[in-house]
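Trainee: My structure is below; once you've seen it, I'll send some questions.
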Amino acid sequence: MRVHINEATVDVPDGTSVLDAVHTANLELPALCHDERLSPRGSCRTCLVRANERVVAACTAPATEGMHISLDDPVARQAAMGAVELIVSELPARALDAPAQRSELVRACDHFGITASSFAGATHDRGTDHSHPYVKLDRDLCIACGRCVAMCAEVQGTFALDLTGRGFDTVVTAGDGGPWVSSPCVGCGGCVDSCPTGALSEPGLLDPRPVTTTTTTTCGYCGVGCTLDVHVRDGEIAAITPVRSAPVNRGHACIKGRFAHTFVRADDRLTAPLIRRGGQLLEATWDDAITVVADRLVAIRDRHGPDAIAMISSARATNEENYLAQKFLRTAIGTNSIDNCSRLCHAPSAAGLTASLGLAGGTNPLDDLDRTDCILLAGANPTEAHPVVGARIKQRVLAGARLVVIDPRRTELAALADVHLQARPGSNVAVFNGIAHVLIAEDHLDHDFLNQRTTGFAELARLVEDYRPDLASEIADVRAADLIDAARLFGRAQRPVIVYGLGITEHAHGTDGVRTLTNLALLRGAVGTPGCCGILPLRGQNNVQGASDMGALPDFLPGYQPVTDAAVRDRFAALWGHAVPERPGLRIPQMFDAAIAGEVRAIHVIGEDIVQSDPNAAHVRAALRACDLVVCHDLFSSRTAEHADVVLPAASFLEKDGTFVNFDRRFQRVRPAVTPPGGAASDFDILHRIANAMGVDLGCRTPADALAECASLTPVFAGLSHQRLDAEGPLHWPCRTLDQPGEAVLHLDRFATPDGRAALAARPYLPPGEQPDGEFPYLLVTGRRLVHYNTGSMTRRTPNAELLPAEALELHPVDAAHLHVVDGAEVTVASRWGRVTLTAHLNPDVAPGQVFAAFHFPDVAVNDLTSPHTDTATGCPEYKVTAVRIRTEHAKQHA
């Protein structure tokens with residue numbers, strides 16, 4: 001469709017608004033109530049233009065073929081100018097003092113040449129609300145445009161904001177009108193981004209000094225992979241804002257990625273190496289620290305053999321750092337005993353998806369959520385753990401998509417669901433087999449897909465005959481009718497999608513959970529077919545996908561190439577100049593067992609606080625105490641550092657160059673926005689220093705060189721490079737050639753299994769590693785909180801700690817009454833493996849008989865409680881099922 005704007009002619013698609021056409025022509029037009037991410041409002045009348053013979057609001061008027069649009073029409077311009085002057089007349093003089101780059105109102109005044117309003121009357125004097133650490137409200141600058149309200153509703157889906165009052169007194173309020181910090185606001189910053197006047201702002205942008213540099217990078221918190229602009233003033237981060245054109249987050253962010261950046265300059269940031277001398281960790285020079293590490297690694301290797309050394313690489317580190325880490329261990333040391341924290345979370349995803357489909361990654365891009373008509377959300381709470389994805393799911397549900405949630409807790413999304421299966425922890429396989437039973441019994445199947453592209457249907461059908469809804473529901477403690485309803489919603493959908501998280505994988509039979517969940521997609525032909533929406537596993541840490549992709553695994557080289565394959569080993573050895581060990585190394589839990597047994601004498605930990613994050617923490621501490629050498633890289637001292645012989649100060653994601661891979665397999669650039677403080681260095685540089693001191697040249701002088709070398713050895717990454725990512729933006733793997741765009745949707749031609757067919761899995765339900773009993777009658781489920789991340793080492797050093805300063809134990813009011821526990825009481829929680837003290841929080845969203853806690857706070861070592869039971873296939877710990885008892889002094893008196 002062709003339209004004419006002033007002297008320009010532009011082609012625009014059908015359905016384009018006049019305002020969008022103006023923007024296509026690269027022309028400016030004020031629109032104070034408009035944000036392209038929101039539905040148009042047409043309320044401010046500042047975008048008036050003449051279109052053909054009529055004066056229209058450009059934001060709501062549709063463009064038509066051959067339309068002539070005049071931005072200079074005197075009638076339209078005078079009316080729009082009057083609207084801006086009327087808005088300005090109500091505001092204090094400081095409204096026009098803001099820099100133009102921060103205020104659309106100032107730019108609108110500049111556009112019309114307005115320096116003062118010709119209208120006279122009262123101005124606002126309503127005061128400020130600075131109660132929230134990040135979102136600051138100046139009520140006197142609010143023009144009641146409604147953009148913040150729409151952003152909270154349409155993009156974030158929280159509905160925390162509203163316009164209250166009438167006429168001159170209309171103003172934005174949060175929650176019930178009390179302090180902003182007490183409202184349901186989740187701190188995403190979308191309202192701040194959208195505000196055209198500065199009524200809503202953030203602390204870093206209140207400073208009048210100009211921003212000196214802006215760097216585009218990828219968020220280093222969860223695995224969503226949001227693209228962010230880091231604004232720096234005088235060498236320090238002033239603010240971080242989401243990039244509107246970003247393919248994953250589309251200009252949205254969460255409270256962590258958007259605001260929790262002040263940890264970078266925290267007072268207790270490690271800036272110099274530490275060496276243990278006389279039982280104390282003391283500051284040392286880099287030369288001394290590197291010499292100690294290199295000499296002791298060589299001594300242990302030469303005396304006890306290379307398998308006496310193990311490394312835990314980092315899901316926070318870049319792909320290039322993880323690539324270098326596994327190369328270091330396999331060449332400089334000579335062992336495959338390297339692993340990463342995917343072992344503790346999504347190892348069952350890699351194993352299960354590979355066994356069923358042939359590749360260890362989600363099958364579809366996040367964008368496909370926009371097309372789905374039914375979401376099956378299993379074992380995930382994305383509104384807290386992956387907030388941008390959670391918001392996208394809410395958008396789809398509000399747009400009419402059906403939602404089935406399978407989760408032991410009544411989460412925010414469970415409250416929105418058509419069906420919530422509040423299944424007993426550990427019963428996932430029974431639930432998925434029960435749903436499969438209904439799909440088969442009621443013929444909600446894609447027969448052509450099953451016949452042509454899968455194997456194992458007959459065996460699966462025989463197995464699930466034993467999982468009638470009444471039997472499966474009894475195992476899972478859900479209503480049979482609800483299980484049937486869930487199966488019918490999924491079975492009748494045209495474009496169903498499965499989204500799942502750690503509630504599926506962190507079990508003694510987590511791989512079976514992934515495989516039986518994948519069965520449901522295969523039965524419906526909802527994966528590997530054009531238009532499908534597929535399976536999306538939500539990865540926890542920012543680069544947990546990439547750490548495994550890069551070969552930081554004991555049994556795989558980069559690209560999931562088996563170390564047991566001689567041809568693969570020979571290809572790597574030819575380029576590396578070192579033989580690759582043929583025997584798979586130790587997984588993380590095996591490393592600890594071997595250390596206690598005296599077989600592993602050194603553990604090198606990169607960017608993980610394993611004492612706080614790993615299960616059965618007493619066992620981890622014992623393993624570290626048994627070692628002759630413990631080395632850790634980190635930003636801060638940690639519970640793991642307390643057991644280390646050498647602590648090396650590391651750079652954060654905001655100080656690094658490289659790439660991350662997000663949960664839907666996108667390689668994305670990471671760029672340094674600021675320099676590391678003091679002597680802190682990237683893990684990439686640290687590994688080079690240690691290798692050089694050992695007399696080993698790792699090559700790969702730069703991160704770009706490392707990815708290039710990895711690509712040359714790994715067919716699924718062969719088309720990737722820093723240069724290409726800089727030029728084209730994020731790319732999905734597999735990306736096999738330089739002219740291939742990457743495969744956003746997997747398995748369209750064939751599955752990556754040996755026979756090219758997906759394998760349905762007939763897996764019976766098996767009970768979890770432990771069950772409640774008379775001594776330990778409750779089940780503990782662990783998870784995450786919105787404002788904190790992983791062990792909390794970063795977020796606890798930001799104002800996020802003001803929003804959630806401590807951990808609590810959530811329990812159902814019925815259980816609290818039985819235990820004589822009141823809200824806020826101190827309780828002792830004990831398991832077969834340890835005990836901790838927590839504050840009780842009564843919450844009806846937790847099922848009776850279950851309790852919930854997170855592990856973000858080191859002073860409450862929740863993982864002292866979790867058991868040593870692991871997934872039988874991968875060694876992933878069973879974080880989600882731990883039998884516990886609960887006591888208080890008051891309860892003991894009633895016992």
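Trainee: Run the quick spin-label model on ALA299 and THR675: label points 7 Å from Cα toward the beta carbon, then report their separation in nm to one decimal.
Mentor: The modelled label-to-label distance comes out at 3.6 nm.
Trainee: What do you get for Rg/Rh over the stretch 175-239 if you use C-alpha atoms and the Kirkwood form of Rh? Walk me through the numbers on the way to the answer.
Mentor: Details: Rg = 14.2 Å, Rh = 13.9 Å.
Ratio value, two decimals: 1.02.
Trainee: Right, something else. When only C-alpha pairs under 8 Å and at least 6 residues apart count, what is the relative contact order of the chain, in percent? Please list the in-between numbers first.
Mentor: Working: 2082 pairs, mean separation 120.8, N = 895.
Answer for the chain is 13 percent.
Trainee: Okay, next question. Using θ = phi - 60° and the Karplus relation 6.51 cos²θ - 1.76 cosθ + 1.60, list the HN-Hα couplings for the stretch 60-73 in order, rounded to whole Hz, with x at every Gly or Pro.
Mentor: Here the 3J(HN,Hα) series is 10, 7, x, 6, 10, 4, x, 4, 9, 10, 10, 8, 10, 4 Hz.
Trainee: What FRET efficiency would be calculated for the residue pair ASP176, ARG139, taking the C-beta separation as r and a Förster radius of 25 Å, to the nearest 0.05? Intermediate results must be reported in sequence, preceding the final value.
Mentor: Numbers: r = 16 Å, r/R0 = 0.64.
The computed FRET efficiency comes out at 0.95.
Trainee: Same structure, new question: On full extension of the chain, what length is gained from GLN452 through GLN101, given 0.36 nm per residue of separation minus the C-alpha to C-alpha distance? Intermediate results must be reported in sequence, preceding the final value.
Mentor: Values: separation 351, 0.36 × 351 = 126.36 nm, distance 5.75 nm.
Contour length minus the Cα-Cα distance gives 120.6 nm.
Trainee: Once the dipole of the stretch 2-112 is set up with Lys and Arg at +1 and Asp and Glu at -1 on Cβ about the Cα centre, which of HIS23, ILE87, LEU48 lies farthest towards its positive end?
Mentor: ILE87
Trainee: For the stretch 462-467, what does the Karplus curve 6.51 cos²θ - 1.76 cosθ + 1.60, with θ = phi - 60°, yield as ³J(HN,Hα) per residue in whole Hz, taken in order and with x for Gly and Pro?
Mentor: So the Karplus estimates, Gly and Pro as x, are 5, 4, 6, 4, 7, 10 Hz.
Trainee: Considering the dipole of the stretch 735-792 built from charges on the beta carbon (Lys and Arg +1, Asp and Glu -1) around the Cα centre, which of LEU746, PRO777, ALA762 is farthest to its positive end?
Mentor: My answer, from the dipole projection, is LEU746.
Trainee: Give the lysines whose C-alpha is closer than 28 Å to that of LYS880, dropping any in the same chain fewer than 8 places away, or say none.
Mentor: Those lysines meeting the cut-off are LYS256, LYS394, LYS892.
Trainee: Please work out, to two decimal places, the log10 of the ratio I(q)/I(0) at q = 0.10, 0.18 Å⁻¹ from a Debye calculation in which every Cα of the stretch 2-112 carries one identical scatterer.
Mentor: The Cα Debye sum returns log10 ratios of -0.28, -0.87.
Trainee: Based on the mean of other Cβ atoms within 10 Å per residue, sort peptides 189-198, 44-53 so the most packed one is first.
Mentor: Top to bottom by mean Cβ count within 10 Å: 189-198, 44-53.
Trainee: Figure the gain on full extension for ASP555 and ASP593 (residue separation times 0.36 nm, minus the Cα-Cα span) and round it to one decimal in nm.
Mentor: Taking 0.36 nm per residue and subtracting the Cα distance, the gain is 11.9 nm.
Trainee: So how tilted is helix 74-89 from the main axis of the chain? Cα-based, degrees 0 to 90, rounded to 10.
Mentor: Taking Cα atoms only, the helix is inclined about 70 degrees.
Trainee: Amide H to amide H, which residues 5 or more places from ARG402 or on other chains are under 5 Å from it, using H placed in the peptide plane?
Mentor: Those lying under 5 Å, H to H, from ARG402 are CYS374, ILE375.
Trainee: How big is the dipole moment of the stretch 351-522 about its Cα centre under a simple scheme where the beta carbon of each Lys and Arg is +1, that of each Asp and Glu is -1, and everything else is neutral? Debye, nearest 20, please.
Mentor: Using Cβ point charges on Lys, Arg, Asp and Glu, the stretch 351-522 gives about 320 debye.
Trainee: Using a 10 Å cut-off around each Cβ, can you sort SER131, SER637 from fewest to most neighbouring Cβ atoms?
Mentor: Result, fewest neighbours first: SER131, SER637.
Trainee: For a footprinting-style exposure proxy, rank LEU522, LEU281 by other Cβ within 10 Å, fewest first.
Mentor: On the way: LEU522 29, LEU281 17.
By the 10 Å Cβ count, ascending: LEU281, LEU522.
Trainee: Taking the Cα centre of the stretch 240-391 as origin, sum charge times position over the Cβ atoms of Lys and Arg (+1) and Asp and Glu (-1), and report the length of that vector in debye to the nearest 20. Display every interim value, and only then the final one.
Mentor: Values: 16 positive and 16 negative charges, 25 e Å.
Using only the charged Cβ atoms, the result is roughly 120 debye.
Trainee: While we're on this one: Radius of gyration and Dmax for the stretch 709-775's Cα atoms, expressed in Å?
Mentor: When restricted to the Cα atoms of the stretch 709-775, Rg and Dmax are 20.2, 63 Å.
Trainee: Mind pulling the angle between the C-alpha long axis of helix 428-441 and the longest principal axis of the chain? Nearest 10 degrees, somewhere in 0 to 90.
Mentor: 70 degrees
Trainee: Please give, to one decimal in nm, the separation of the simple spin-label points placed at GLU802 and THR64, each 7 Å out from Cα toward the Cβ.
Mentor: Calculated label separation equals 5.4 nm.
Trainee: Also, I was wondering about something else. May I ask you to list the residues of the stretch 54-76 whose amide nitrogen lies under 20 Å from a point 7 Å from Cα along the Cα→beta-carbon direction of ARG2?
Mentor: Flagged as within label range: 63-71.
Trainee: Would you please give the residues with an amide H less than 5 Å from that of VAL605, counting only those at least 5 places away or on a separate chain, with H modeled from the backbone geometry?
Mentor: ILE312, VAL631, CYS632, HIS633
Trainee: Shifting gears a bit: Hey, what did the stretch 725-824 get for relative contact order, percent, Cα under 8 Å, at least 6 apart? Please report the intermediate quantities before stating the final value.
Mentor: On the way: 35 pairs, mean separation 8.7, N = 100.
RCO, the stretch 725-824: 9 percent.
Trainee: I would also like to ask the following. Rg/Rh for the stretch 41-164: what does it come to with C-alpha atoms and Rh from Kirkwood? Don't skip to the end; give the middle numbers.
Mentor: Details: Rg = 16.6 Å, Rh = 16.4 Å.
Radius of gyration relative to Kirkwood radius: 1.01.
Trainee: A further question on this structure: Of all beta bridges DSSP finds with both residues in the chain, what is the antiparallel percent, to the nearest 5?
Mentor: Taking every DSSP beta bridge within the chain, about 60 percent pair in antiparallel fashion.
Trainee: Plugging the Kirkwood radius over Cα pairs into Stokes-Einstein for the stretch 514-633, at a temperature of 25 °C and a viscosity of 0.890 mPa s, what D comes out in µm²/s?
Mentor: This corresponds to a translational diffusion coefficient of 140 µm²/s.
Trainee: Rounded, prolate or oblate: which fits the stretch 351-522 when a ≥ b ≥ c are the square roots of the eigenvalues of the alpha-carbon gyration tensor, with rounded for a/c under 1.5 and prolate only if a/b beats b/c?
Mentor: It comes out rounded by the Cα gyration axes.
Trainee: Using the alpha-carbon centroid of each, what span in Å lies between the stretch 665-685 and the stretch 291-309?
Mentor: First find each Cα centre; the distance between them is then 28 Å.
Trainee: What nm value, rounded to one decimal, do you get for the distance between LEU27 and THR128 when each label is placed 7 Å out toward the C-beta?
Mentor: According to this spin-label approximation, the distance is 4.0 nm.
Trainee: Next question, about the same structure. So the label point goes 7 Å from the Cα of ASP287 along Cα→C-beta, right? Which residues of the stretch 696-715 then have their backbone N under 17 Å from it?
Mentor: none
Trainee: Moving on to the next point. Work out from phi, with θ = phi - 60° and the Karplus expression 6.51 cos²θ - 1.76 cosθ + 1.60, the ³J(HN,Hα) of each residue of the stretch 600-609, listed in order in whole Hz, and give x for Gly and Pro.
Mentor: Calculated HN-Hα couplings, in order: 9, 10, 9, 10, 10, 10, 10, x, 10, 9 Hz.
Trainee: Taking the Cα centre of the stretch 778-894 as origin, sum charge times position over the Cβ atoms of Lys and Arg (+1) and Asp and Glu (-1), and report the length of that vector in debye to the nearest 20.
Mentor: 200 debye
Trainee: If you don't mind, another one. Calculate the radius of gyration of the Cα atoms of the stretch 778-894 to one decimal place, then report Dmax, the largest Cα-Cα distance, as a whole number, both in Å.
Mentor: Rg then Dmax for the stretch 778-894, in Å: 14.4, 45.
Trainee: OK, next. Taking the chain, how much of its Cα-Cα pair set, in percent, is spaced more than 56 angstrom apart? Let's see the in-between values first.
Mentor: Working: 50638 of 400065 pairs.
When every Cα pair of the chain is considered, 13 percent fall beyond 56 Å.
Trainee: At a Förster distance of 51 Å, what's the computed FRET efficiency of ASP11 paired with SER89, Cβ-Cβ distance as r, to 0.05?
Mentor: Numbers: r = 40 Å, r/R0 = 0.79.
Efficiency for this residue pair is about 0.80.
Trainee: Order these by the 10 Å Cβ neighbour count, fewest first: MET1, MET550, MET81.
Mentor: Final ranking by Cβ density, sparse to dense: MET1, MET81, MET550.
Trainee: Taking every pair of Cα atoms in the stretch 163-290, average 1/r, invert it to obtain the Kirkwood radius, and report Rg/Rh to two decimals.
Mentor: Working: Rg = 20.1 Å, Rh = 17.8 Å.
Rg/Rh: 1.13.
Trainee: Could you tell me what % of all Cα pairs in the stretch 52-102 have separations over 18 Å? Please report the intermediate quantities before stating the final value.
Mentor: Values: 637 of 1275 pairs.
Tail fraction, whole percent: 50.
Trainee: OK, next. Considering amide H positions built from the backbone, and no H for Pro or chain starts, which residues 5 or more places from LEU809, or on another chain, come under 5 Å of its amide H?
Mentor: The list, which skips near neighbours in sequence, is THR839, ALA840, HIS841.
Trainee: For the stretch 547-593, what are the per-bin percents of Cα-Cα distances with bins 5 Å wide, up to the bin holding the maximum?
Mentor: Reading the bins upward from 0: 5, 23, 27, 26, 12, 6, 2.
Trainee: For ASP466, put the label point 7 Å out on the Cα→Cβ axis and report which residues of the stretch 474-513 keep their amide N under 20 Å from it.
Mentor: Backbone N within reach: 474-478, 508-513.
Trainee: Which whole-number percentage describes the relative contact order of the stretch 478-587, with Cα contacts under 8 Å and a sequence gap of 6 or more?
Mentor: Details: 104 pairs, mean separation 20.0, N = 110.
Computed over the stretch 478-587, the figure is 18 percent.
Trainee: Between CYS254, CYS185, CYS142, whose Cα lies farthest towards the positive end of the dipole of the stretch 128-265 when Lys and Arg beta carbons carry +1 and Asp and Glu beta carbons carry -1, centred on the Cα centre?
Mentor: CYS254
Trainee: Cα-based Rg of the stretch 637-699 per 2.2 N^0.38 Å, rounded to two decimals? Please list the in-between numbers first.
Mentor: On the way: Rg = 14.3 Å, N = 63, 2.2 N^0.38 = 10.6 Å.
Taking N as the residue count of the stretch 637-699, the ratio is 1.35.
Trainee: For ASP570 and ASP749, what does the FRET efficiency come to when R0 = 25 Å and r is the distance between their Cβ atoms, rounded to the nearest 0.05?
Mentor: Calculated value: 0.30.
Coordinate-derived values only; no laboratory data. This is a predicted model, so every value here is computed, not measured. All Cβ positions, even for glycine, are placed from backbone atoms using ideal geometry, and neighbour counts span all protein chains on display.
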